[in-house]
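Worksheet: the structure to be examined is printed underneath.
Since every read-out is calculated from the coordinates, none of them should be taken as a lab result. This is a predicted model, so every value here is computed, not measured. Cβ atoms come from the backbone with ideal geometry, glycine included; neighbour counts cover every protein chain shown.
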Amino acid sequence: MAFRPSQRSRRPKENAEPNLTPVMNLMVVLIPLLLTSAEFIKLGMIEINLPPAARGARVAQAQMPKETEKKLNLTVTITDEGFYLASSMAVALGESGEGPTIPKKPNGEYDFQKLNELLYKIKKQAAGVFKDSDQIIIVAEPEIDYQTVVFTMDAARSYKTDQGPVALFPKVSLSATVM
Amino acid sequence: MAFIPSRAKRHATGPGEAKLNLTSMMDMFTIILLFLLKVYSTEGQMVQPSEYLTLPKSSVEKHPQVALDLVVSKEWIVLNNRPVAKVADVLASKSLIIPSLQQELLKYANEAEKMQQRYGQEFSGAITIQGDKDLPYRVLVKVMATCGKSKYPNMRLLVYQRSS
């Protein structure tokens, strides 16, 4: 005959509660550990590309080595009025035929979107034709702030298409104007 | 008349065991833990941004690497936590090179080259430049020109990543 517990047992059932202490220990250790190693602000790094021949010796003068190949020498100049674009082939003119290639927006901001689109067009034409079709030289007026220069580098780095981002001119050189 | 508890209550020894209700605390900890696991990166933060300046934002995706640390704040140019030049002086000078910065950089470069000879630790001439976002271009160019002429041609600009 099978064992049957006594029906007379009067002890009330203890409510079964899991022992949370080890879990708590784990949490108390893990949370400070992760908090200290958490990265709340992400940092990035822009590499500045020096022309190979000018390495170390001539910085920020955009002296290209003497070569017989066709060079694009694409240059973006940031001025108070907007961007001027130039290459060894031609100087891109603005819509009105004079003034900056891409003027500032009416509210006084630089038009990085338009610069990005124009550079994409240039890239499509230049890719494969020129040896330096991934290089760009950025020149700025002395009073242009650092953030604007960085945004210009961003606009020159990649272009977002429907198929994903396309690299434009990721190799950036900086050039000094007359101080 | 004062309240007199009943005989039975007088002999009761209070509640048996004080139980802490941990359920809500566990809920909270679980959420915090999940959040932290999500933002956790194995690389950690190798480069500490300086507190005296605001770095510019950029859409760049490269992670910073450890290198010689050059900070250009609004007032001072600081190399490895030692101030070397005043930004105001740099703005005033006409030369493209900052002499005091060059002197210090060459010291570091010489030491690094010695290390390379003795212990084979490679010296790549890498330097991380942290600049304030409102810094005028002419200061930036002068700093970079000085770095380039002082055996540090491998320059990187430190920026905040902007999620795009």
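Taking Lys and Arg as +1 and Asp and Glu as -1, the other residues whose beta-carbon sits under 11 Å from that of B:Arg162 total 0.
Cβ-Cβ distance of B:Val39 and B:Ser124, R₀ of 30 Å, FRET efficiency by 1/(1 + (r/R0)^6): the value works out to about 0.45. Under a Gaussian network description of chain B, with springs only between Cα atoms under 10 Å, the residue in B:Gln130, B:Gln121, B:Gln102 that fluctuates furthest is B:Gln121. Compared with the dominant Cα axis of chain B, that is its longest principal axis, helix B:99-119 is turned about 80°. Rounded to 0.05, the FRET efficiency of the B:Ile4 and B:Thr30 pair, given R0 = 41 Å and the Cβ-Cβ distance, is 0.25.
Ranking B:Tyr119, B:Leu106, B:Pro49 by Cα position along the charge dipole of chain B, where only Lys, Arg, Asp and Glu carry charges on their C-beta atoms, puts B:Pro49 farthest toward the positive end. Rounded to the nearest 20 debye, the dipole magnitude of the range B:15-125 is 240 debye, with +1 charges on Lys and Arg beta carbons, -1 on Asp and Glu beta carbons, and the Cα centre as origin. The spacing between the range B:55-104 and the range B:130-149, judged by their C-alpha centroids, is 6 Å. Each of B:Met144, B:Ser95, B:Leu70 was placed along the dipole of the range B:50-164 (beta-carbon charges, centred on the mean Cα), and the one lying farthest toward the positive end is B:Ser95.
How would the range B:89-164 be classified by its alpha-carbon gyration tensor: rounded, prolate or oblate, with rounded meaning a/c under 1.5 and the a/b versus b/c comparison settling the rest? Taking the square roots of the gyration eigenvalues as a ≥ b ≥ c, the range B:89-164 is oblate.
Projected label points at A:Val23 and A:Glu47, each 7 Å from Cα along the beta carbon direction, are separated by 4.8 nanometres.
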